[in-house]
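The values are calculated or read from the model by the stated rules, or taken from the named source; none is laboratory data. Here the structure is a predicted model, which is why all the values come from computation and not from measurement. We place every Cβ from the backbone using ideal geometry, glycine too, and count neighbours over all the protein chains shown. Just so you know, the surface numbers come from the protein's heavy atoms only, side chains and all, with ligands and any DNA or RNA stripped out. Shrake-Rupley method; radii C 1.70, N 1.55, O 1.52, S 1.80 Å.
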Amino acid sequence: MAFMTELLASKCLIVCFSYLFYIIVCVYVCVFVWVSLCVCVCGGDVKSSLLLKLKLKLKLKLKLKLKLKLKLKLKLKLKLKLNGLRHAAGAPRCHARALSSNSRGSKLEALFRHPLYNLPRPEIQEDDWLLRVKTNLLIISVYHNIILSSCRQSASEEDSYDKANWTVAAETHPPWLRFHLGISRWELYHRTDPQLDQITHYMATQRILNAVQKKGGTQLKLLMSFPNHGQALLKPMKQTRDAETDVNLFYFSDFERHNAEISAFHLDRILGFHRIPPVVGRLVDVISEIKDVTTDKKLSRTFFTSPVGNTCFYGQCQYYCSTENPVCGGPRALEVSLAIMLPDLTLAPRRSWRSPWRRSYSRTKLAQWEKDPAYCDVVKQTPPYDQGTRLVDLVDMAVLDFLMGNMDRHHYETFEKFGNKTFMLHLDNGRAFGRHSRDEPSILAPLRQCCRIRRSTLLRLRIMSRPGFRLSDVMRESLAWDPLAVVQPLLSEAHLRALDRRLATVLQVLRTCQDHRDDAVYDDIEGYYEEPD
């Protein structure tokens with residue numbers, strides 16, 4: 001009995017251990033399966049995440065490649081554009097050159113062949129030169145002290161300038177210095193002077209070493225420096241050629257235009273005045289020719305990239321220098337005007353004169369000349385308008401301003417060396433050619449009120465009213481020589497038609513003056529007889 005009991009107990013124990021073993025095995029199997037499943041799931045997630053990362057990297061690489069290709073294409077386009085324009089400017093272009101066989105039909109060349117443009121020049125005396133050639137050595141040493149110190153900002157930049165091996169020999173002088181030495185009591189340059197060609201050519205093609213903001217003024221201007229120590233005043237493109245000034249804007253609220261500066265120079269030369277320093281158009285790279293070379297920290301801080309990828313900047317000035325009114329390349333190419341700088345004020349001081357016909361620059365007030373029809377009688381008794389040619393100089397400037405629609409003529413300048421017996425400089429013409437659909441008769445107030453004009457100016461205006469020398473035609477032809485004409489004509493046809501219309505208005509005012517006054521014409525070309533129409 002006891003034996004049977006022990007047997008049963010051992011069997012029960014074996015069964016229990018067997019069940020326990022099976023339970024343990026089942027638990028292990030379950031754990032193993034569960035762990036395996038977890039590993040499989042986690043491993044899948046890792047793999048999928050790795051694949052996603054790899055795909056993202058490939059996409060990023062593809063995007064970078066596309067961006068790089070786009071940049072290279074844009075650089076290539078910009079290079080081609082710049083090279084095209086510089087190639088267009090590469091060969092010197094000068095209206096004063098000898099006529100070639102293919103220019104026989106040129107109205108501009110025919111105009112410049114006219115006797116009125118080839119009158120004998122009075123002999124220029126020693127005191128009639130602004131900077132005398134015999135003092136070149138002194139002038140050059142002063143130029144070295146003034147220009148080199150003002151241009152160079154660092155040792156590396158200094159190395160970029162040409163060596164100034166200038167002597168008394170004119171052939172050793174850079175074009176800008178020869179231009180300075182050619183300024184006389186009577187004009188900035190002579191029409192047939194070859195320096196005119198060289199100065200515009202070098203401004204259009206020379207490498208730019210530095211760009212800094214020009215102090216003063218209401219809008220952004222830059223002072224550009226070249227390797228031969230020359231400098232030019234840059235005005236950037238702010239609006240398209242066809243953009244017309246809003247009729248609701250006051251004359252002092254308008255943007256300045258780079259093409260107005262260029263066109264004013266050409267018109268001044270066509271009229272035979274030669275009182276505007278040479279100006280030429282150029283396409284510059286905003287980054288490599290302004291941003292990368294500027295030593296002006298205030299200017300460099302204003303560069304940014306627009307939402308469409310154009311490089312822009314706005315500088316610092318009294319008005320219109322903000323992110324709301326930036327100057328932008330397209331995406332890097334920017335049209336500008338470059339005007340040669342006049343001699344430094346320490347060498348050739350200039351006097352600034354308030355124009356008697358200055359506007360009030362007020363939205364509500366009128367200037368005295370706008371209220372008094374006999375205002376010129378007062379001006380005629382006031383020095384320096386009571387003698388000499390200053391009054392007819394003002395009338396010349398009024399005619400020029402009326403033709404190009406420039407109401408922003410508040411001051412003018414003269415060289416102090418020549419006293420009151422000299423010409424007036426026609427500077428700062430950026431607000432001209434703003435409107436073509438409307439003429440501003442008040443600009444002609446000096447002519448209407450004084451009824452006085454140079455005979456040479458009157459005859460030239462009459463010539464340009466003839467079909468063979470039509471002002472719009474000779475202006476169109478003259479502007480076609482500018483490098484920017486390759487991109488688009490400097491003046492639209494509407495502006496050119498406005499020139500003819502305004503010329504007819506000037507001639508009508510002059511006819512009225514001659515009908516009422518015997519002394520309307522100041523004869524500055526005695527002995528010249530007008531050809532019959």
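Rounded, prolate or oblate, given the Cα gyration tensor of the range 434-475, with a/c below 1.5 counting as rounded? Verdict is oblate for the range 434-475.
Leaving ligands, DNA and RNA out of it, report the carbon-plus-sulfur percent of the accessible area of the range 232-319 at a 1.4 Å probe. Carbon and sulfur atoms account for 51 percent of the accessible area of the range 232-319.
Note on Leu510: accessible area approximately 10 square angstrom, rounded to 10, probe 1.4 Å, nucleic acids and ligands left out.
Semi-axes of the equivalent ellipsoid for the range 235-315, computed as √(5λ) from the eigenvalues of its C-alpha gyration tensor and ordered from largest down, come to 28, 19, 12 Å. Compactness ratio for the range 409-488: Cα radius of gyration over 2.2 N^0.38 Å (N = residue count) comes to 1.40. Each label was represented as a point 7 Å from its Cα along the Cα-to-Cβ direction; for Gln316 and Tyr529 these points are 6.5 nm apart. Among the listed pairs Lys214/Lys421; Lys298/Lys365; Lys215/Lys238; Lys214/Lys291, those with a Cα-Cα distance over 26 Å are Lys214/Lys421; Lys298/Lys365. Computed with a 1.4 Å probe on the full set of protein chains, the accessible area for Cys328 sits at about 50 Å². In the range 262-277, whose amide N lies under 20 Å from the spot 7 Å out along Cα-to-Cβ of Ser352? List them in ranges. Flagged as within label range: 276-277. The heavy atoms of Tyr320 present about 60 square angstrom of accessible area, all protein chains included, probe 1.4 Å. Overall dimensions of the range 280-413, expressed as equivalent-ellipsoid semi-axes from the Cα gyration tensor (√(5λ), whole Å, largest first), are 40, 19, 14. Sites listed here are trypsin sites (Lys or Arg not before Pro) in the range 378-473 whose DSSP assignment is loop and whose Cβ has at most 14 other Cβ atoms within 10 Å: Lys421, Arg438. Can you give me the Rg/Rh ratio for the range 309-362, using Cα atoms for both radii and the Kirkwood formula for Rh? Using only Cα positions, Rg/Rh for the range 309-362 is 1.14. Our Cα-only numbers for the range 344-467 put the radius of gyration and Dmax at 15.2, 47 Å. The mean of 1/r over all distinct Cα pairs in the range 470-533, once inverted, gives the Kirkwood hydrodynamic radius of 14.6 Å. Largest accessible area first, the residues Glu109, Glu244 order themselves as Glu244, Glu109 under a 1.4 Å probe with ligands, DNA and RNA left out.
Computed over protein heavy atoms with a 1.4 Å probe, the accessible surface of the range 448-533 works out to 48 Å² per residue.
Placing dummy labels 7 Å off each Cα toward the beta-carbon, the span from Asp519 to Lys297 is 6.1 nm. Bridgeable aspartates and glutamates around Lys297 (alpha carbons under 17 Å apart, same-chain partners fewer than 8 residues away excluded): Glu157, Glu289. Accessible area ranking (1.4 Å probe, heavy atoms, ligands and nucleic acids excluded), largest first, for Lys297, Lys215, Lys107: Lys215, Lys297, Lys107.
Around the amide H of Tyr522, modelled in the peptide plane, lie the amide H atoms of Ile453, Arg454, Arg455, all under 5 Å away and 5 or more residues distant in sequence or on another chain.
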